[in-house]
Amino acid sequence: MEEIVKTENTEKKSLNFIEQRVVKDLEEGKNGRRLQTRFPPEPNGYLHIGHAKAIAMDFGIAKKFGGVCNLRMDDTNPQKEDTEYVEAIERDIKWLGFEWGKVCYASDYFQDLWDFAEWCILQGKAYVDEQTSEEIAAQKGTPTEPGTNSIYRDRPAEESLRLFREMNSGKMEPGKMVLRAKIDMTSPNMHFRDPIMYRVLNMPHWRTGSKWNAYPMYDFTHGQSDYLEGVTHSICTLEFVPHHELYDLFVTWIKEWHGDEGDMEDNRPRQFEFNKLNLNYTLMSKRNLLILTKEGVVNGWDDPRMPTICGIRRRGYSPQAILNFIDKIGYTTFDALNDIKLMEAACREDLNTRAIRVNAVVDPVKLILDNYPEGKVEEMEAVNNPEDENSGTHVIRFSRDLYIERSDFMEEPDKKFMRLGPGKEVRLKNGYIIKCDEDPAKCIEKDAEGNIVCIHAECDLESKSGMPGSNRKIKGKTLHWVSAGHSIPCEVRDYANLWTCENPRDAIKQYEKENGVRGIDAMRPFLNPDSLRINKNAYVEEYAATLPALSYLQFQRIGYYNVDPDSTPAHPVFNRTVGLKEAWVKK
RNA sequence: UGGGCUAUGGUGUAAUGGUAACACUGCAGAUUCUGGUCCUGCCUUUCCUGGUUCGAGUCCGGGUAGCCCAACCA
């Protein structure tokens with residue numbers, strides 16, 4: 001408790017609205033001053049950046065205020081769920097740096113839920129409805145028109161109980177009947193119009209085997225699971241606001257069933273809602289991401305273009321970069337559309353302090369230093385990270401024949417071009433100052449088509465980095481380079497947004513409506529055909545090829561890259577995480 | 001159109017009835033062996049309209065706009 005008070009005094013200003021509520025509840029002694037949350041993914045897909053926001057909230061708030069957060073698999077629909085996803089979910093949460101109290105499953109509560117449902121029937125709070133789903137839907141009414149009661153609504157409890165048990169026998173055909181809560185078919189809240197509690201699936205569950213054939217629905221599971229598990233703060237996203245009242249109702253019922261005399265005000269799980277994460281040029285829903293993987297638009301869930309946690313990891317973001325981004329966008333009740341630039345900025349900020357600087361030339365042109373001794377090789381010392389004194393140095397080999405970026409040379413440079421050209425002098429990073437002859441004929445070699453194939457320059461042999469002669473100021477910039485004979489050919493994968501429109505979800509929805517197509521056909525018009533560029537004409541310095549998969553790198557003057565898991569020392573592969581900020585743009 | 005929720009610079013967030021601010025973006029400059037980083041400066045803000053109040057971004061009424069809800073999904 002002391003710690004909580006301290007936190008409040010020092011940080012109250014920076015607490016988000018849910019944290020403030022938690023502090024208040026703890027101060028008021030709600031739930032015996034306990035704080036327990038849960039992160040409840042359905043194991044039917046991979047976690048994405050939107051889940052990361054929920055994870056940061058659920059686990060983060062427990063950690064911050066001395067509570068505990070369980071990982072709870074919301075596994076009430078065996079049709080869609082798989083252990084593959086369970087493992088991936090656990091891996092991603094751990095990678096983000098969070099620890100759960102325990103892993104639990106909604107299916108852990110199936111027996112309790114069943115017993116509770118039977119009690120509801122006996123109490124007259126539930127009934128078995130034998131109508132078809134179409135009939136039930138028709139009776140539900142619309143948001144503006146009230147629903148009407150089912151003809152089975154007032155059947156005797158014993159009959160409902162008998163049928164309910166038949167629903168779980170394995171002999172009942174799915175769709176034949178459901179268990180519904182008897183609430184109010186005229187409620188303005190659609191969720192109160194006798195919501196379905198149980199449906200027949202006749203399908204084994206990956207955890208409970210063939211024990212159950214009828215399975216509870218989300219609304220009849222979530223609050224009860226929270227209650228049975230001891231959750232105090234059940235934090236979810238805004239789309240569950242309309243479920244809030246129903247959540248509370250089922251919690252009061254289950255307290256009654258449980259013989260719980262505790263005060264409803266002070267002792268029960270409570271639902272809180274915050275805005276989910278929307279990113280422009282990004283599609284977030286699991287359903288649609290699944291389509292992208294199945295249709296081969298991307299190369300799996302961990303494709304670096306995917307907004308999945310594993311995709312972002314492979315792209316080269318660190319967990320801290322993701323968490324920093326989430327911290328920047330905050331938690332509110334406003335349905336915001338966040339600019340992906342903010343995420344990239346958070347990434348750059350993080351990687352600036354983390355990434356090892358290496359030289360890579362991604363569009364090479366040969367540079368020969370005519371006066372540098374042929375066959376001579378020097379080892380230049382390169383700082384791993386100028387932002388981190390403790391990052392050390394590595395060696396990069398230098399010789400007469402080099403590669404530089406084609407864009408770093410201009411045959412007819414304009415005034416603002418501060419790189420190499422006829423008569424221009426530049427510094428090679430960690431190397432020498434070099435200069436091209438004034439006469440283009442003497443410094444440029446072209447092929448028959450007029451393409452520059454080789455550049456010649458003179459090297460100031462007294463200007464090697466570290467020598468006194470290196471201290472003079474020059475007009476030109478400092479260029480990166482690799483030695484032609486001491487660099488490794490590599491593959492560089494550059495990525496752009498997968499989507500060409502700011503809000504693909506809405507665009508797709510509208511296209512579906514207007515053209516009567518669904519799924520991938522409605523997505524194709526908005527896919528960026530150029531979201532992946534594979535460049536096999538690139539060279540990196542030797543050191544970069546020795547680094548393990550997922551290492552954070554900066555290709556100096558180009559961008560942040562990481563080592564792809566496909567990479568091998570003989571054939572290095574790098575992913576562009578995000579470009580460097582470019583103050584100078586060639587016109 | 002019923003119910004619920006929301007509205008602060010280009011984007012996101014803060015200000016919890018008392019001087020509208022922070023981050024990102026953008027622009028300009030300085031430093032630089034990365035046209036990066038760091039640093040300096042600039043641009044741009046309370047949806048509209050009534051009311052309560054000494055005082056309203058904040059509270060209340062009425063508009064307007066956006067989001068969620070009519071799955072035997074979660």
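The values are calculated or read from the model by the stated rules, or taken from the named source; none is laboratory data. If you're wondering where the values come from, they're calculated on a predicted model, not measured in any experiment. When we count neighbours, we look across all protein chains shown, and the Cβ atoms used for this are built from the backbone with ideal geometry, even at glycine.
At-a-glance table
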quantity: Residue in the stretch A:242-252 that is within 7 Å of RNA strand B (Cβ to nearest atom), of a type in the set (D, E, K, R), modelled with pLDDT of 95 or more and under 23 Å from A:F334 (Cα atoms) present; calculated: no
quantity: Residue match in the stretch A:535-555 (condition: in a strand (DSSP E or B), touching a helix residue (DSSP H, G or I) at 6+ places or on another chain (Cβ under 9 Å), within 16 Å of RNA strand B (Cβ to nearest atom) and among the charged types (D, E, K, R)); calculated: no
quantity: Pair list, Cβ under 6 Å, 6 or more apart: the stretch A:563-583 residue over 17 Å from A:M343 (Cα atoms), other residue among the aromatic types (F, W, Y); calculated: A:F574/A:Y561
quantity: Among (1) within 16 Å of RNA strand B (Cβ to nearest atom); (2) surrounded by 14 or more Cβ atoms within 10 Å (Cβ to Cβ); (3) among the acidic types (D, E) - the single one A:D506 does not satisfy; calculated: (2)
quantity: Qualifying positions in the stretch A:237-278 - in contact with a Cys (Cβ under 7 Å, 6 or more places away or on another chain) and part of a helix (DSSP H, G or I); calculated: A:W253
quantity: The stretch A:222-236 - residue that is more than 9 Å from RNA strand B (Cβ to nearest atom) and assigned to a helix (DSSP H, G or I) and, of those, nearest to A:N267 (Cα to Cα); calculated: A:Y227
quantity: Hits in the stretch A:119-141 (condition: buried (at least 16 other Cβ atoms within 10 Å of the Cβ), within 16 Å of RNA strand B (Cβ to nearest atom) and hydrophobic (A, V, I, L, M, F, W, C)); calculated: A:A126, A:V128, A:I136
quantity: Test for A:K429: is it under 47 Å from the mean Cα position of the chain (by Cα), of a type in the set (K, R) and farther than 25 Å from A:V540 by Cβ; calculated: no
quantity: Enumerated strands (runs of 3 or more DSSP E) restricted to the stretch A:409-497, each holding at least 3 residues that are over 18 Å from A:Y372 (Cβ atoms); calculated: A:487-495
quantity: Residue selected from the stretch A:326-371 under the condition hydrophobic (A, V, I, L, M, F, W, C) and touching a Cys at 6+ places or on another chain (Cβ under 7 Å), by the criterion nearest to RNA strand B (Cβ to nearest atom); calculated: A:L369
quantity: Every residue from the stretch A:208-221 that is assigned to a strand (DSSP E or B) and touching a Lys or Arg at 6+ places or on another chain (Cβ under 8 Å); calculated: A:A214, A:Y215
quantity: Which listed residue is out of contact with any Cys (no Cβ under 8 Å at 6 or more places or on another chain) and within 9 Å of RNA strand B (Cβ to nearest atom), from A:A157, A:A106; calculated: A:A106
quantity: Single condition A:E462 does not satisfy, out of (1) more than 10 Å from RNA strand B (Cβ to nearest atom); (2) in contact (Cβ under 8 Å) with a residue 12 or more places away in the chain; calculated: (2)
quantity: Residue, farthest from A:L279 (Cα to Cα), within the stretch A:28-75, restricted to residues that are at pLDDT 95 or above and among the acidic types (D, E); calculated: A:D75
quantity: Exclusive hit being in the same structural domain as A:M177 (by TED's automatic domain parsing) and either closer than 27 Å to A:P78 by Cβ or small (G, A, S) (or both), set A:A138, A:A117; calculated: A:A138
quantity: Residue match in the stretch A:471-492 (condition: within 13 Å of RNA strand B (Cβ to nearest atom), among the hydroxyl-bearing types (S, T, Y) and at pLDDT 95 or above); calculated: yes
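For every residue, the table says whether it meets (1) among the β-branched types (V, I, T); (2) surrounded by fewer than 18 Cβ atoms within 10 Å (Cβ to Cβ).
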{"residue": "A:M418", "(1), (2)": "no, yes"}
{"residue": "A:P422", "(1), (2)": "no, no"}
{"residue": "A:K429", "(1), (2)": "no, no"}
{"residue": "A:I433", "(1), (2)": "yes, no"}
{"residue": "A:E438", "(1), (2)": "no, yes"}
{"residue": "A:I444", "(1), (2)": "yes, no"}
{"residue": "A:G450", "(1), (2)": "no, yes"}
{"residue": "A:S463", "(1), (2)": "no, no"}
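Yes or no, residue by residue, for (1) charged (D, E, K, R); (2) touching a helix residue (DSSP H, G or I) at 6+ places or on another chain (Cβ under 7 Å); (3) in the same structural domain as A:R38 (by TED's automatic domain parsing):
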| residue | (1), (2), (3) |
| --- | --- |
| A:F98 | no, yes, yes |
| A:K102 | yes, no, yes |
| A:S150 | no, yes, no |
| A:E158 | yes, no, no |
| A:L163 | no, no, no |
| A:M167 | no, no, no |
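Yes/no matrix, rows are residues, columns are (1) in contact (Cβ under 8 Å) with a residue 24 or more places away in the chain; (2) within 15 Å of RNA strand B (Cβ to nearest atom):
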position: A:H48; (1), (2): yes, yes
position: A:I55; (1), (2): yes, yes
position: A:D58; (1), (2): yes, yes
position: A:I61; (1), (2): yes, yes
position: A:V68; (1), (2): yes, no
position: A:Q79; (1), (2): yes, yes
position: A:E87; (1), (2): no, no
position: A:E90; (1), (2): no, no
